[in-house]
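Everything below concerns the one structure shown next.
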Amino acid sequence: MDKLSEAEITERLRRLSGWSREGGAIRKQFTFPKFADGIRFVDRVAAAADALDHHPDMDIRYTAITMTLSTHSAGGLTARDFELAERIERERR
């Protein structure tokens, strides 16, 4: 996959509520009322990531789950990162 241009990244970020860019990655923290709720979310994201064959970095801190996306093989952000971010948003609901 080809890296996205700065303009493409900016436009795609506008469509994702709460996601921010940090260098060559995008990131969002999700919070849940209970630890088990966050773990169920992680399970749903894992299934979605496997289906796309693109996997986020996940940081689990009690009820806060941080998702970080980047296409390491491309050296930055690609369309696949934003596709997975959209899937992650659907799994949150």
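The values are calculated or read from the model by the stated rules, or taken from the named source; none is laboratory data. Just so you know, these numbers come straight off a predicted model, no measurement behind them. Virtual Cβ from ideal backbone geometry, glycine too; neighbours counted across all protein chains shown.
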* To do: Could you figure out which of (1) acidic (Asp, Glu); (2) without any contact (Cβ under 8 Å) to a residue 12 or more places away in the chain; (3) farther than 16 Å from Arg90 by Cα isn't true of Glu22?
  => (2)
* For the stretch 11-23, indicate whether the set of residues that are at pLDDT below 95 and at positive phi is non-empty. => yes
* To do: Count, please, the residues in the stretch 71-89 that happen to be touching a Lys or Arg at 6+ places or on another chain (Cβ under 9 Å) and either part of a strand (DSSP E or B) or not aliphatic (A, V, I, L, M) (or both).
  => 8
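Among the residues that make up the stretch 53-64, is at least one of them in a helix (DSSP H, G or I), of a type in the set (A, V, I, L, M, F, W, C), surrounded by 11 or more Cβ atoms within 10 Å (Cβ to Cβ) and touching a residue at least 24 places away in the same chain (Cβ under 8 Å)? Let's see the steps before the verdict.
Of the stretch 53-64, the ones in a helix (DSSP H, G or I) are none.
Within the stretch 53-64 (the criterion being in a helix (DSSP H, G or I), of a type in the set (A, V, I, L, M, F, W, C), surrounded by 11 or more Cβ atoms within 10 Å (Cβ to Cβ) and touching a residue at least 24 places away in the same chain (Cβ under 8 Å)), the answer is no, since none of the residues qualifies.
Looking only at the stretch 1-44, how many residues end up being part of a loop (DSSP other than H, G, I, E, B), of a type in the set (S, T, N, Q) and under 25 Å from Thr63 (Cα atoms)? Show your work before the answer.
Taking the stretch 1-44 and keeping what is part of a loop (DSSP other than H, G, I, E, B), we get 1-5, 15-19, 23-24, 32-34.
Now narrow it down to the ones that are of a type in the set (S, T, N, Q): 5, 17.
Subset that is under 25 Å from Thr63 (Cα atoms): 17.
Looking only at that region, the number is 1.
Which of the residues belonging to the stretch 78-90 are of a type outside the set (Lys, Arg) and under 11 Å from the mean Cα position of the chain (by Cα)?
Within the stretch 78-90, the first condition is being of a type outside the set (Lys, Arg), and the residues that meet it are 78-79, 81-86, 88-89.
Correct list: Asp81, Phe82, Glu83, Leu84, Ala85, Glu86, Ile88, Glu89.
Report the residue count in the stretch 22-35 for those that are of a type in the set (Val, Ile, Thr) and surrounded by 13 or more Cβ atoms within 10 Å (Cβ to Cβ). Explain how you work it out, then say what you get.
Taking the stretch 22-35 and keeping what is of a type in the set (Val, Ile, Thr), we get 26, 31.
Next, from what is left, pick out any that are surrounded by 13 or more Cβ atoms within 10 Å (Cβ to Cβ): 26.
Result for the stretch 22-35: 1.
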* Structure fact -> Sole miss for Gly38 among (1) small (Gly, Ala, Ser); (2) in contact with a strand residue (DSSP E or B) (Cβ under 9 Å, 6 or more places away or on another chain); (3) surrounded by fewer than 17 Cβ atoms within 10 Å (Cβ to Cβ) is condition (3)
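Residues are listed down the side, and each one gets a yes or a no for (1) of a type in the set (Ser, Thr, Tyr); (2) over 17 Å from Glu89 (Cβ atoms):
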position	(1), (2)
Leu4	no, yes
Thr31	yes, no
Gly38	no, no
Ala48	no, no
Asp53	no, yes
Ala64	no, no
Thr68	yes, no
